[in-house]
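Engineer: Pasting a structure below so you can have a look.
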Amino acid sequence: MSPSPKDPLPDLDPFDIFDTEAARLDRFFSGLDEEGWNRPSRAAGWSVRDVLGHLAGEELYNHACLDDDLDGFSAMLRREGVEGGFNAFNDWCVRRRRDLPVEEVLQEWREANGATRARMRALGRDASLPTLAGPYPVGRQTFHYDSEYATHADDVGAPVSEEEADDRAWWRARVAVFVLEEQGSQAQVEPTAERIWVHAYDTTTQLPVPVFVEATVGRLPDDYPIDRRVRAALRCLA
């Protein structure tokens, strides 16, 4: 199915990107030893293994959306005593997998995510997907997944080649720009060839593309010199 006129990123294929980032994570996870699994990740409070547990667990939500069974998903959370929104769900997903053999969790993620990617691609980018926030285009939802997978790949240190780094940073920046607009952020952004200009709260800040991406996913170092209000306004994908 061809992109609709309202598609914010018609020249990018969200499904190909999803496949690429999932493959990056799979290659990285496949080569880890016990020390590697236990190493702290960049995601606060999570080890590399915990990131895998999170990715495996969130497929429960992804499949509930694909199955149009969000009522069943919510009922499952109630049975498990999970309260507090997605943060509580993410914590539960990680905790319940910490005592399982890591090979089992890795296989769970591979199978469940493989099914998610195939089903999203089969639906096509213009189809509508039920989510807890309401119906949402499959293509746009896939771009959200793309960003999350790229973020977690960076969190665990999965390699990115020099040849792909610039293009990867730019698609992530473009996804963030449309999400900021979609959310009605206080930050107005203006991409140029090498930088992103950010206008917010009567200030103008110029950020290198990789730094802008880090800001939008909540991974900027605490000591990075940026107005705290602008930092908060840019965080849209974490």
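Engineer: Filter the range 69-105 down to the residues that are under 30 Å from ASP33 (Cβ atoms), hydrophobic (A, V, I, L, M, F, W, C) and out of contact with any helix residue (DSSP H, G or I) (no Cβ under 6 Å at 6 or more places or on another chain) and list them by number.
Structural biologist: Matches in the range 69-105: PHE89, TRP92, LEU100.
Engineer: Another question, then. Given ARG24, ARG42, ARG97, which one is of a type in the set (Lys, Arg), crowded, with 18+ Cβ neighbours inside 10 Å and part of a loop (DSSP other than H, G, I, E, B)?
Structural biologist: Result: ARG97 is the single residue among ARG24, ARG42, ARG97 that is of a type in the set (Lys, Arg), crowded, with 18+ Cβ neighbours inside 10 Å and part of a loop (DSSP other than H, G, I, E, B).
Engineer: Are any residues in the range 69-94 hydrophobic (A, V, I, L, M, F, W, C) and open to solvent by 50 Å² or more (accessible area, probe 1.4 Å), and if so, which ones? Step through it out loud before you land on a result.
Structural biologist: Of the residues in the range 69-94, the ones hydrophobic (A, V, I, L, M, F, W, C) are 70, 73, 75-77, 82, 86, 88-89, 92-94.
Hit for the range 69-94 is PHE86, nothing else.
Engineer: Take LEU234 and tell me if it is within 29 Å of GLY45 (Cβ to Cβ), open to solvent by 60 Å² or more (accessible area, probe 1.4 Å) and among the hydrophobic types (A, V, I, L, M, F, W, C).
Structural biologist: no
Engineer: In the range 37-94, which residues are among the aromatic types (Phe, Trp, Tyr) and either at pLDDT 95 or above or touching a Gly at 6+ places or on another chain (Cβ under 6 Å) (or both)?
Structural biologist: So the first thing to find is which residues in the range 37-94 are among the aromatic types (Phe, Trp, Tyr), and the list is 37, 46, 61, 73, 86, 89, 92.
Passing the criteria: TRP37, TRP46, TYR61, PHE73, PHE89, TRP92.
Engineer: So, HIS199, is that one without any contact (Cβ under 8 Å) to a residue 24 or more places away in the chain and surrounded by 12 or more Cβ atoms within 10 Å (Cβ to Cβ) or not?
Structural biologist: Criteria met by HIS199.
Engineer: Could you tell me which of the residues GLU181, GLU194 is charged (D, E, K, R) and under 19 Å from ARG140 (Cα atoms)?
Structural biologist: Testing whether each residue is charged (D, E, K, R) and under 19 Å from ARG140 (Cα atoms) leaves just GLU181.
Engineer: Among (1) assigned to a strand (DSSP E or B); (2) open to solvent by 30 Å² or more (accessible area, probe 1.4 Å), which single condition is ASP167 missing?
Structural biologist: Among (1) assigned to a strand (DSSP E or B); (2) open to solvent by 30 Å² or more (accessible area, probe 1.4 Å), ASP167 violates only (1).
Engineer: Sticking with this structure for a sec: In the range 220-231, what residues are open to solvent by 50 Å² or more (accessible area, probe 1.4 Å) and more than 23 Å from ASN90 (Cβ to Cβ)?
Structural biologist: Passing the criteria: ASP223, TYR224, PRO225, ASP227, ARG228, ARG229.
Engineer: Within 20 Å of ALA88 (Cβ to Cβ) and free of Cβ contacts under 8 Å to residues at least 40 places away in the same chain: which single residue out of GLY45, GLY53, GLY36 fits that description?
Structural biologist: One residue alone meets the criteria, GLY45.
Engineer: Determine which member of the set VAL213, VAL217, VAL177, VAL156 is among the β-branched types (Val, Ile, Thr), under 17 Å from the mean Cα position of the chain (by Cα), open to solvent by 10 Å² or more (accessible area, probe 1.4 Å) and within 24 Å of PRO14 (Cβ to Cβ).
Structural biologist: Result: VAL177 is the single residue among VAL213, VAL217, VAL177, VAL156 that is among the β-branched types (Val, Ile, Thr), under 17 Å from the mean Cα position of the chain (by Cα), open to solvent by 10 Å² or more (accessible area, probe 1.4 Å) and within 24 Å of PRO14 (Cβ to Cβ).
Engineer: Give the residue that is surrounded by the fewest Cβ atoms within 10 Å (Cβ to Cβ), with candidates limited to residues of the range 180-196 that are among the small types (Gly, Ala, Ser) and modelled with pLDDT of 95 or more.
Structural biologist: Ranking the candidates gives GLY184 first.
Engineer: Out of (1) of a type in the set (A, V, I, L, M, F, W, C); (2) surrounded by 18 or more Cβ atoms within 10 Å (Cβ to Cβ); (3) in a loop (DSSP other than H, G, I, E, B), what's the single condition that is false for LEU32?
Structural biologist: With (1) of a type in the set (A, V, I, L, M, F, W, C); (2) surrounded by 18 or more Cβ atoms within 10 Å (Cβ to Cβ); (3) in a loop (DSSP other than H, G, I, E, B) applied to LEU32, the lone miss is (2).
The values are calculated or read from the model by the stated rules, or taken from the named source; none is laboratory data. Everything quoted here is computed from the prediction, not taken from an experiment. Positions of Cβ are backbone-derived with ideal geometry, glycine not excepted, and every protein chain shown enters the neighbour counts. Areas reflect the complete protein model, heavy atoms only, side chains present, ligands, DNA and RNA absent. Shrake-Rupley method; radii C 1.70, N 1.55, O 1.52, S 1.80 Å.
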